[in-house]
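The values are calculated or read from the model by the stated rules, or taken from the named source; none is laboratory data. As the structure is a prediction and not an experimental result, all values here were calculated from the model. Glycine also receives a Cβ, built like all others from the backbone with ideal geometry; neighbour counts cover every protein chain displayed. Side chains are part of the model used for accessible areas, which takes the heavy atoms of the whole protein and leaves out ligands, DNA and RNA. Shrake-Rupley method; radii C 1.70, N 1.55, O 1.52, S 1.80 Å.
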Amino acid sequence: MSLTPSRGCLLDLPWEDILVPHILCHLPLQQLLGLQRVSKAFQVLVQLYLANMRCFDSGQIGSAVPKAAFLNLLKDNKVLQQLALQNCSDWLTDRELLPVIMQNHHLHHIQLKGCAQLSCHALMVISLNCPNLRRLSLAHCEWVDSLSLRSLADHCKALEAVDLTACRQLKDEAICYLVQKCSRLKSLSLAVNANVGDVAVEETAKCCPELEHLDLTGCLRVKNDSIRVLAEYCPKLRSLKVKHCHNVAESSLSVLRNRGVELDVEPLPQTALVLLQDMAGFAPFINLQI
């Protein structure tokens, strides 16, 4: 009788009970794809994992994900919960995205930053197929319009974070509709949109008492009045970005600053403020951003 212990193989472990949920899930996606080349058995195992993975982040594969690879990776998956496609922006269109969305109804986090070749129809399909959606990034997706945003607001009322940076078709009315329907919002970016003004900011403050983060960078129409409303109605606010909001001054920001809210603009040094007061006679409404 041989006393030499038999050598076990990784593939001898239960695939669906051990390998897929407890081992493969800890490997970077890039390594998993390379593992397919080891043998046909490993190829089958990785395909089983891909069909059951809950999170797909294109950033794990590389700076640019080939279209063919994307289509192959997600063709059998119906249980995705998180989908990040910012590294697919060069080629991603409705044709590639919509089949994935329509077979994954458990998605709660979607990242489409910079995916400029999609259309407003994509957002409507997302709203109709992802009722549990909580986080959505549409930054630099200029195809987002008021009608598709209304559809999102009507069907995805559990939203907690929405990034609408540089969605320049949107105006105050569309933002107001969103915050009225999605009152659980904790994070909202309206940055780089000259159409957004006090009306949208004030409605956001009044409808979203749980708001913690608000980005108004470059919203040139935002003024002091709406910042004061924000301070009054949003006690949980933790950060506010108002850089390049030239109509927002320290007179409205000081309340938030004193409350410990993180701001991306610094107050004017006291010595400079004294000089301004001497020159202008009265300085509370001078823009003190530097």
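Is it true that Arg184 is assigned to a loop (DSSP other than H, G, I, E, B), surrounded by fewer than 22 Cβ atoms within 10 Å (Cβ to Cβ) and not acidic (Asp, Glu)? Judged against the criteria, Arg184 is a match.
Does segment 244-253 include one or more residues that are closer than 17 Å to Ser137 by Cβ, open to solvent by less than 40 Å² (accessible area, probe 1.4 Å) and not β-branched (Val, Ile, Thr)? Spell out the reasoning first.
Initially, segment 244-253 is screened for residues closer than 17 Å to Ser137 by Cβ, giving none.
No - not one qualifying residue is present in segment 244-253.
Residues in segment 228-243 that are under 24 Å from the mean Cα position of the chain (by Cα) and open to solvent by 90 Å² or more (accessible area, probe 1.4 Å): Tyr233, Pro235, Lys236, Arg238, Lys241. In segment 10-54, the residue that is farthest from Asp76 (Cα to Cα) out of those that are touching a residue at least 24 places away in the same chain (Cβ under 8 Å) and assigned to a loop (DSSP other than H, G, I, E, B) is Pro28.
This table checks each residue for (1) open to solvent by less than 10 Å² (accessible area, probe 1.4 Å); (2) of a type in the set (Gly, Ala, Ser); (3) over 16 Å from the mean Cα position of the chain (by Cα).
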position	(1), (2), (3)
Thr204	yes, no, yes
Glu210	no, no, yes
Leu216	yes, no, no
Ser226	yes, yes, yes
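Does segment 169-181 include one or more residues that are of a type in the set (Lys, Arg) and more than 26 Å from Ser119 (Cβ to Cβ)? No; the residues of segment 169-181 include none that is of a type in the set (Lys, Arg) and more than 26 Å from Ser119 (Cβ to Cβ). Applying a threshold of 6 Å to beta carbon distances and a minimum spacing of six or more residues, or different chains, the list of pairs starting in segment 74-96 at a residue that is closer than 20 Å to Ala51 by Cα and ending at one that is part of a loop (DSSP other than H, G, I, E, B) and open to solvent by 40 Å² or more (accessible area, probe 1.4 Å) reads Lys78/Gln103; Gln81/Arg54; Gln81/His106.
Just to be sure before I move on: is Leu118 touching a Cys at 6+ places or on another chain (Cβ under 6 Å) and not in a helix (DSSP H, G or I) in the structure I sent? No: the conditions fail for Leu118. Scanning segment 94-109 for residues that are touching a Cys at 6+ places or on another chain (Cβ under 9 Å) and surrounded by fewer than 22 Cβ atoms within 10 Å (Cβ to Cβ) turns up Glu96, Ile101, Asn104, His105, His106, His108, His109. Filtering segment 150-178 to residues that are within 24 Å of His246 (Cβ to Cβ), without any contact (Cβ under 8 Å) to a residue 40 or more places away in the chain and not in a loop (DSSP other than H, G, I, E, B) leaves Asp172, Glu173, Ala174, Ile175, Cys176.
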